[in-house]
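S.K.: Let me give you the structure first, and then I'll get to my questions.
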Amino acid sequence: MNITYKARNMEISNSLKDYAEKRLSKFDKLIRVEDAIVSMTMIKDRYRLEVTLPYNGIIIRGEEEGYDLYTSIDSVTAKLESQIHKYRTRLIKKGRGERMAAQEDILTYVEDDQPVKVKHFITKPMAVDEAIMQMNLLGHGFFVFINSDGGNTVNVLYRRNDGDYGLLMPEV
């Protein structure tokens, strides 16, 4: 697994990298992840850790804040493992199996040199239920995708205040 480390307001020690690699290596056995992005940020006296695993066209992400990075790594890997099991169970229930393996990965990156945070991403056609699963795996309140059920138009899925989901569809 190729791990990319990103650090803000701190330096990542070799022992911390070794610990993260040891904990993340178990995902190779579970889902054969090729790449991982580990972002560590120090904010005042606390650390924020975010781990992103692109897999089969979806992004599995976990984040944690705390005073100890080693404990945060343990917590994030537990969260990621839970998300992976949930994802795989849903695929098996739907009979999708490994067919998603042929789909291309969604890549995101952030341009930090602008005053507004800008994210670029590659979209792929998916059904609304797949978009809900992706949004929940990311832990976001909204998700932009190409709706394969709605004429291949760009749609926005969002979580409503009452806990339900909303879908924004453009009129053509």
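The values are calculated or read from the model by the stated rules, or taken from the named source; none is laboratory data. All values derive from a computational prediction rather than experimental measurement. We place every Cβ from the backbone using ideal geometry, glycine too, and count neighbours over all the protein chains shown. All accessible areas refer to the heavy atoms of the entire protein, side chains included, with ligands and DNA or RNA removed. Shrake-Rupley method; radii C 1.70, N 1.55, O 1.52, S 1.80 Å.
S.K.: Using θ = phi - 60° and the Karplus form 6.51 cos²θ - 1.76 cosθ + 1.60, what ³J(HN,Hα) does each residue of segment 74-79 get, whole Hz, x for Gly and Pro?
M.R.: Using θ = phi - 60°, the values come out as 4, 5, 5, 5, 5, 5 Hz.
S.K.: Could I ask something else about it? Tilt of helix 14-24 relative to the longest C-alpha principal axis of the chain, in degrees (0 to 90, nearest 10)?
M.R.: 40 degrees
S.K.: Would you compute, from DSSP H runs of 4+ residues alone, the mean residue ellipticity of the chain at 222 nm, taking -39500 (n - 2.57) per run and dividing by the full residue count, rounded to the nearest 500?
M.R.: -10000 deg cm²/dmol, from helical runs alone.
S.K.: Between the DSSP loop rule and a limit of at most 12 other Cβ atoms within 10 Å, which trypsin sites (Lys or Arg not before Pro) in segment 35-81 are left?
M.R.: Those satisfying the criteria are Lys44.
S.K.: Kindly express, to the nearest 10 degrees and within the range 0 to 90, the angle between helix 128-138's C-alpha long axis and the longest C-alpha principal axis of the chain.
M.R.: Tilt relative to the chain: about 10 degrees.
S.K.: Considering amide H positions built from the backbone, and no H for Pro or chain starts, which residues 5 or more places from Tyr165, or on another chain, come under 5 Å of its amide H?
M.R.: Close amide H contacts, sequence-distant or interchain: Arg160.
S.K.: Collect residues whose amide H, placed 1.01 Å from N in the peptide plane, falls under 5 Å from the amide H of Ser148; neighbours closer than 5 in sequence don't count.
M.R.: Met126, Ala127
S.K.: At 7 Å along the Cα-to-beta-carbon direction for both Asp129 and Val116, put a label point, then send me their distance in nm to one decimal.
M.R.: Going by the 7 Å Cα→Cβ label model, 3.6 nm.
S.K.: Per 0.36 nm of contour for each residue apart, how much would the distance between Asp164 and Arg32 grow if the chain were fully extended, relative to their Cα-Cα spacing?
M.R.: On the way: separation 132, 0.36 × 132 = 47.52 nm, distance 3.29 nm.
Between Asp164 and Arg32, full extension yields 44.2 nm more.
S.K.: Let me ask you something else. Ignoring ligands, DNA and RNA, what percent of the 1.4 Å accessible area of segment 115-166 is carbon and sulfur? Could the numbers behind the result be given before it?
M.R.: Numbers: 1640 of 2890 Å².
On segment 115-166, the fraction of accessible area on carbon and sulfur atoms equals 57 percent.
S.K.: Between Tyr19 and His140, what is 0.36 nm times their sequence separation minus the Cα-Cα distance? Round to one decimal in nm. Walk me through the numbers on the way to the answer.
M.R.: Working: separation 121, 0.36 × 121 = 43.56 nm, distance 2.76 nm.
Length gained between Tyr19 and His140: 40.8 nm.
S.K.: Could you order Glu11, Glu50 so the one with the most accessible surface comes first? Probe is 1.4 Å.
M.R.: Glu11, Glu50
S.K.: Shifting gears a bit: Step through the residues of segment 55-71 one at a time and calculate ³J(HN,Hα) from phi using the Karplus curve (6.51 cos²θ - 1.76 cosθ + 1.60, θ = phi - 60°), rounding each to whole Hz and writing x for Gly and Pro.
M.R.: Couplings: 8, 6, x, 10, 10, 9, 9, x, 9, 8, 10, x, 8, 10, 5, 5, 5 Hz.
S.K.: Sorted by accessible area (1.4 Å probe), largest first, how do Arg32, Arg159 line up?
M.R.: Arg32, Arg159
S.K.: Sticking with this one: Protein chains only, probe 1.4 Å: how do Lys22, Lys17 rank by accessible area, largest first?
M.R.: Lys22, Lys17
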